[in-house]
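Below is one structure, written out as structure tokens; comments come after it.
The values are calculated or read from the model by the stated rules, or taken from the named source; none is laboratory data. Bear in mind that the values here come from a model prediction, so they are computed numbers and not experimental data. Note that each Cβ is placed from the backbone with ideal geometry, even for glycine, and that neighbours are counted across all protein chains shown. Side chains are part of the model used for accessible areas, which takes the heavy atoms of the whole protein and leaves out ligands, DNA and RNA. Shrake-Rupley method; radii C 1.70, N 1.55, O 1.52, S 1.80 Å.
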Amino acid sequence: MKKNLYINTIGCQMNVYDSEQIANGLKSLQYKMTSSIEKADLIIVNTCAIREKAEQKVYSFLGRLAGLKRKKPALMIGVGGCVAQQEGSKILARVPHLDLVFGTNAIGRLPDIVKTVESKRCRVVDVEMSEKIEELDFVKQGHNRGKTTAFVTIMQGCDNYCTYCVVPYVRGRETSRDPEIIVQEIRCLVESGVREVTLLGQNVNSYGKKEGLCTFPELLRRVNDVDGLLRIRFTTSHPKDLSENLISTFKGLEKLCNHIHLPIQSGSNRVLKNMNRKYTRGIYIEKVDKLRHSCPEISITSDIIVGFPGETKTDFEETLDLIQTVEFDGLFAFKYSDRPNAAAARFLNKISEQEKKERLQQVLDLQDRYTTQKNKALEGSIQSILVEGVSRKQNRMDTPNRHPDVQWTGRTFTNKIVNFNRSNGDIAYNDIVPGQVVNVRILKAFSHSLWGEPVSAEPISFGLRGDESYVA
Ligand code: 5AD
Ligand code: SF4
């Protein structure tokens, strides 16, 4: 009998990848994904513990499920991911209608856990960690059908112990996957229609070092050789490990996109030291200069934490100054929050919520100027866009009136979102399909996206056709 599975993925791209593994694994128990929570026989929340806000989201979602469980007592509810790893059985005590808790290393065991809950109607907790990556058979089954882009985890865990960060405690030690298995998985994805992969790790620059596997640039070269794959992205890079070799790889590999996400976290050397980041602002700026020298078109994005314990006004001004010096293409900024086990939770001189809020706003306002300026500079240019699907906004029918006929969405080589019309009036591009590369003239820049019209489309040799879901 077919059963319905609903997964709520909270947090990072790694969780998106893990949720796909969860869905693939549960196919063996006849579970099929549903987008309707009311129809679900099993609801799984894949959680994130990186910031307090993400953790709060988990509990508020779980709270909302109590009514559903009362109406449908056979419904099973499970929690996986980082909060599950961190809290273990404490979540069962806090959420009475919860059936299972599984940690970040337990995805391979999930089908067995679910089978046990189904047959015995007992509550199960599995948060066992292991240093070895368990390769799951189902990754080879050409999952991800119907999508142009896919995430591929190349390494798990982290050994860096930045003082604000929970990752080493909930994702364990840094462990890299075998390059052969990664390449095999990408070949399967390409066979199922995927044209772009994003390689994921907490610190991809140290890929393979511990295990003596190949280097990250070498892995990129092997992935670049996969026939049918058009684009490669990766995230995240730790500035301390960004090598000359990787910097020069940007100009040498034709499929490697011109974008790097390089989290700086703070512009103050004093704060960087307290964060245990192991680089200075000077080293960071030097690496940015080298990247831009090697690949002038590269777009650089970053993460910033405001209000780290003890961050003075002068420290914060140095962060603002760094943003002005580097001129990032985009920035993710966060208010510092204490995380369980992370060293900074025990640091003195915590910054007030009001001060953090104000500093965050200043960072966002400043960055907005650069993002808009960089996007504006693209107006009139022709960009090569890998079509991912129908614009989400159009799908929700709430596209602002300014361009009501937006249809397709995709990204530039530099990772900027571009929405574009179905046709340009002269030539109809009704048969543009996801997976195709289309040259788009940029007509208008907004702060978080670009809008344009197609000028030519490269012939499609493979791709997704009518019966697939086109929603990116
Ligand atoms: N508080 C606020 N932001 C954090 N990040 C990680 N830990 C914390 C924390 N305790 C941010 C960092 C990291 C991004 C993924 O999340 O900027 O790069
Ligand atoms: Fe966390 Fe630092 Fe590891 Fe990134 S490098 S996951 S911020 S400990």
(Q) Can you confirm whether Val194 is touching a residue at least 12 places away in the same chain (Cβ under 8 Å) and not in a loop (DSSP other than H, G, I, E, B)? (A) no
Q. Does any residue in region 317-339 that is within 12 Å of Val363 (Cα to Cα) come within less than 7 Å, Cβ to Cβ, of a residue that is open to solvent by 50 Å² or more (accessible area, probe 1.4 Å) six or more places away or on a different chain, and which pairs are these?
A. Leu320/Gln362; Ala333/Leu364; Phe334/Arg51; Lys335/Lys357
Q: Scan region 274-295 residue by residue and report those that are among the hydrophobic types (A, V, I, L, M, F, W, C) and either open to solvent by 40 Å² or more (accessible area, probe 1.4 Å) or without any contact (Cβ under 8 Å) to a residue 60 or more places away in the chain (or both).
A: Ile283, Ile285, Val288, Leu291, Cys295
Q. Looking at region 77-86, which of the residues that are in a helix (DSSP H, G or I) and small (Gly, Ala, Ser) is nearest to Tyr31 (Cα to Cα)?
A. Gly81
Q.
If a residue must be at pLDDT below 95, surrounded by fewer than 18 Cβ atoms within 10 Å (Cβ to Cβ) and within 20 Å of Lys69 (Cβ to Cβ), how many such residues does region 1-28 contain?
A. 0
(Q) Go through region 280-306 and report how many residues are over 24 Å from the mean Cα position of the chain (by Cα) and more than 19 Å from Lys251 (Cβ to Cβ). (A) 5
Q | Flag for Gly452 being small (Gly, Ala, Ser), modelled with pLDDT of 60 or more and at negative phi | A | yes
**Q.** Every residue from region 226-250 that is more than 16 Å from ligand 1 (Cβ to nearest atom) and without any contact (Cβ under 8 Å) to a residue 40 or more places away in the chain
**A.** Asp227, Ile232, Ser243, Asn245, Thr249
Q | Out of Leu98, Leu110, sole residue that is surrounded by 15 or more Cβ atoms within 10 Å (Cβ to Cβ) and within 22 Å of Cys12 (Cβ to Cβ) | A | Leu110
Q | Failed item in (1) in a helix (DSSP H, G or I); (2) surrounded by fewer than 17 Cβ atoms within 10 Å (Cβ to Cβ), with Ala74 passing the rest | A | (1)
Q: Answer yes if at least one residue in region 303-314 is in a loop (DSSP other than H, G, I, E, B), charged (D, E, K, R) and surrounded by 14 or more Cβ atoms within 10 Å (Cβ to Cβ), and no otherwise.
A: yes
Q: Test each condition in (1) under 18 Å from Ser28 (Cα atoms); (2) open to solvent by less than 70 Å² (accessible area, probe 1.4 Å) for Glu134 and report the one that comes out false.
A: (2)
**Q.** So Ile182, is it outside any strand (DSSP E or B) and under 19 Å from the mean Cα position of the chain (by Cα)
**A.** yes
Q: Name, by its number, the condition in (1) modelled with pLDDT of 95 or more; (2) under 16 Å from Ile113 (Cβ atoms); (3) surrounded by fewer than 21 Cβ atoms within 10 Å (Cβ to Cβ) that does not hold for Asn46.
A: (3)
Q) Regarding Ile300, is this residue within 16 Å of ligand 1 (Cβ to nearest atom), over 21 Å from Lys374 (Cβ atoms) and in a strand (DSSP E or B)? A) no
Q: Test Glu211 against the criterion of being at pLDDT below 95, under 22 Å from Tyr161 (Cβ atoms) and not assigned by TED's automatic domain parsing to the domain that holds Asn15, and give yes or no.
A: yes
Q. Residue check, Thr412 against (1) at pLDDT below 95; (2) open to solvent by less than 30 Å² (accessible area, probe 1.4 Å), all met but one. Which one?
A. (1)
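Every residue, every condition in (1) touching a Gly at 6+ places or on another chain (Cβ under 7 Å); (2) more than 16 Å from ligand 1 (Cβ to nearest atom), yes or no:
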{"site": "Ala150", "(1), (2)": "no, yes"}
{"site": "Tyr164", "(1), (2)": "no, no"}
{"site": "Ser176", "(1), (2)": "yes, yes"}
{"site": "Cys188", "(1), (2)": "yes, yes"}
{"site": "Gly208", "(1), (2)": "no, yes"}
{"site": "Thr215", "(1), (2)": "yes, yes"}
Q. When you scan region 245-273, how many residues do you find that are assigned to a loop (DSSP other than H, G, I, E, B), open to solvent by 20 Å² or more (accessible area, probe 1.4 Å) and touching a strand residue (DSSP E or B) at 6+ places or on another chain (Cβ under 6 Å)?
A. 1
(Q) Exactly one condition in (1) out of contact with any helix residue (DSSP H, G or I) (no Cβ under 6 Å at 6 or more places or on another chain); (2) open to solvent by 20 Å² or more (accessible area, probe 1.4 Å) is false for Tyr161; which is it? (A) (1)
Q.
Being touching a strand residue (DSSP E or B) at 6+ places or on another chain (Cβ under 9 Å) and either basic (Lys, Arg) or more than 10 Å from ligand 1 (Cβ to nearest atom) (or both) is the filter here; which residues of region 307-330 pass it?
A. Glu311, Phe316, Thr319, Leu322, Ile323, Val326, Glu327, Phe328, Asp329, Gly330
